[in-house]
Amino acid sequence: MENKEFYDLLKIGEEIPSLEKEAVLEEFKTPEIFGGIELTAELAKAKEMAEALGVGTIHTSKIFGGVFMLQFISEMITNWLPSLKGWVQGGKLSAKFTKLVEFNERITCRGRIKDKVQNDQEKYLICDVWIKNVSGDKVLTGEVHIIF
C-alpha cells in the first residue's frame, strides 16, 4: 500500500501500534581510543586508560540516554508506515524528557493521530507520541509530523 492510500484510511484519534523495548544497548563499549573494552566489565581499566590520556572522567551513569528513546519512537513510526519516505525525508520529531530511565528498564512507546492536514502541496499527519515506564509514568512526551 502506498503512503497516500494509507493516509486516507487513517482517522484522528487512532492509535499507532505500540512498541515495547528494554532500555539496553546492544554493545556498551568504550570508544576505540580506549581500546573498545567492555565498559561494565572493565570499568577500573577504562578509568585508568582515560586518566593516562588526560580525560578527566568516563561517564558511567546508570541512566539510559535520551537519544536512544528518540530512536525507539522513530522505530515505532517506521514499523507502522507502509513506506518510510515521508518520515525519513522531511518527518519531524520534537520531544520532552519528563523522567529518567535506567538501563534494563522496560518501556513502551505509544502514539495517537492528533490531526490530518491537507493543503495544495502536501498531506501530513501530526501525532502525539509518548513513552511510559513499567510504573505507567510518562518518561517522554512529544509530537511527530509525517509527510505523505
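The values are calculated or read from the model by the stated rules, or taken from the named source; none is laboratory data. Keep in mind it's a predicted model, so treat the numbers as computed, not measured. Using ideal geometry, Cβ is built from the backbone for each residue, glycine included, and neighbour counts are taken over all protein chains shown.
A few notes on this one:
- Scanning region 74-118 for residues that are of a type in the set (A, V, I, L, M), at pLDDT 90 or above and more than 12 Å from Ile16 (Cα to Cα) turns up Leu93, Ala95, Ile107, Val117.
- Identity of the residue in region 73-84, touching a residue at least 60 places away in the same chain (Cβ under 8 Å) and either surrounded by 18 or more Cβ atoms within 10 Å (Cβ to Cβ) or in contact with a strand residue (DSSP E or B) (Cβ under 8 Å, 6 or more places away or on another chain) (or both), that ends up nearest to Asp8 (Cα to Cα): Leu81
- Residue list for region 92-110, restricted to those being surrounded by 17 or more Cβ atoms within 10 Å (Cβ to Cβ) and over 14 Å from the mean Cα position of the chain (by Cα): Glu105
- Any chance Leu19 is modelled with pLDDT of 55 or more and aliphatic (A, V, I, L, M): yes
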